């Protein structure tokens, strides 16, 4: 089902939740009671990831999906960090990283792409990929690129 939000509203959700997530990380580094703050952090990171997916659909730019995957990775790691001894240091570093992601997203949002059409990730070379052009010969004799 398509989103009823506009692109500007999605950007607002992303930037607001990036700011709130950074603040929640600092609270997790300082407060002894971590439960309610951790729940808010999880909600922030889920909204960031979902917003990045919507921006990918709006702009057809997969670079935003990479930022959404970073938010998902932070979500997965934060639970382990709560139970570690070095949690304050890790959450301060995560707060710094979230602020950098917010800055990078603002820069990427307003930057020129220099191309038309969708922006897809570069496909790396692999052993299983064919490196020469492949053609299909039809029964009619017509040769078509694959």
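The values are calculated or read from the model by the stated rules, or taken from the named source; none is laboratory data. The structure displayed is predicted, hence computed values, not measured ones. When we count neighbours, we look across all protein chains shown, and the Cβ atoms used for this are built from the backbone with ideal geometry, even at glycine.
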So which of 48, 55, 14 is in contact with a strand residue (DSSP E or B) (Cβ under 8 Å, 6 or more places away or on another chain) and at pLDDT 90 or above? 55
Checked 27, 47 against criteria (surrounded by 15 or more Cβ atoms within 10 Å (Cβ to Cβ) and free of Cβ contacts under 8 Å to residues at least 12 places away in the same chain); the one match is 27
Residue satisfying all of: in segment 72-87; crowded, with 16+ Cβ neighbours inside 10 Å and modelled with pLDDT of 85 or more; farthest from the chain's Cα centre (by Cα) among these: 81
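Within segment 14-24, identify whether any single residue is in contact (Cβ under 8 Å) with a residue 40 or more places away in the chain, part of a helix (DSSP H, G or I), farther than 22 Å from residue 105 by Cβ and more than 13 Å from the chain's Cα centre (by Cα), and answer yes or no. Steps first, please.
Step one: list which residues in segment 14-24 are in contact (Cβ under 8 Å) with a residue 40 or more places away in the chain, which gives 14-15, 18-19, 21-23.
Checking which are part of a helix (DSSP H, G or I) leaves us with 14-15, 18-19, 21-23.
Those left that are additionally farther than 22 Å from residue 105 by Cβ: none.
No, there is no match, as no residue in segment 14-24 is in contact (Cβ under 8 Å) with a residue 40 or more places away in the chain, part of a helix (DSSP H, G or I), farther than 22 Å from residue 105 by Cβ and more than 13 Å from the chain's Cα centre (by Cα).
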For segment 41-51, does any single residue satisfy the condition of being assigned to a helix (DSSP H, G or I) and farther than 29 Å from residue 120 by Cα? yes
Quickly run through segment 1-11 and pick out the residues that are part of a helix (DSSP H, G or I), surrounded by fewer than 18 Cβ atoms within 10 Å (Cβ to Cβ) and in contact with a helix residue (DSSP H, G or I) (Cβ under 9 Å, 6 or more places away or on another chain). 7
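Restricting attention to segment 67-74, does a residue exist that is closer than 21 Å to residue 118 by Cβ, assigned to a helix (DSSP H, G or I) and either touching a strand residue (DSSP E or B) at 6+ places or on another chain (Cβ under 7 Å) or in contact (Cβ under 8 Å) with a residue 24 or more places away in the chain (or both)?
Looking through segment 67-74, at least one residue is closer than 21 Å to residue 118 by Cβ, assigned to a helix (DSSP H, G or I) and either touching a strand residue (DSSP E or B) at 6+ places or on another chain (Cβ under 7 Å) or in contact (Cβ under 8 Å) with a residue 24 or more places away in the chain (or both).
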Out of the residues in segment 98-124 meeting the condition of being within 19 Å of the chain's Cα centre (by Cα) and without any contact (Cβ under 8 Å) to a residue 24 or more places away in the chain, tell me which one is surrounded by the fewest Cβ atoms within 10 Å (Cβ to Cβ). 122
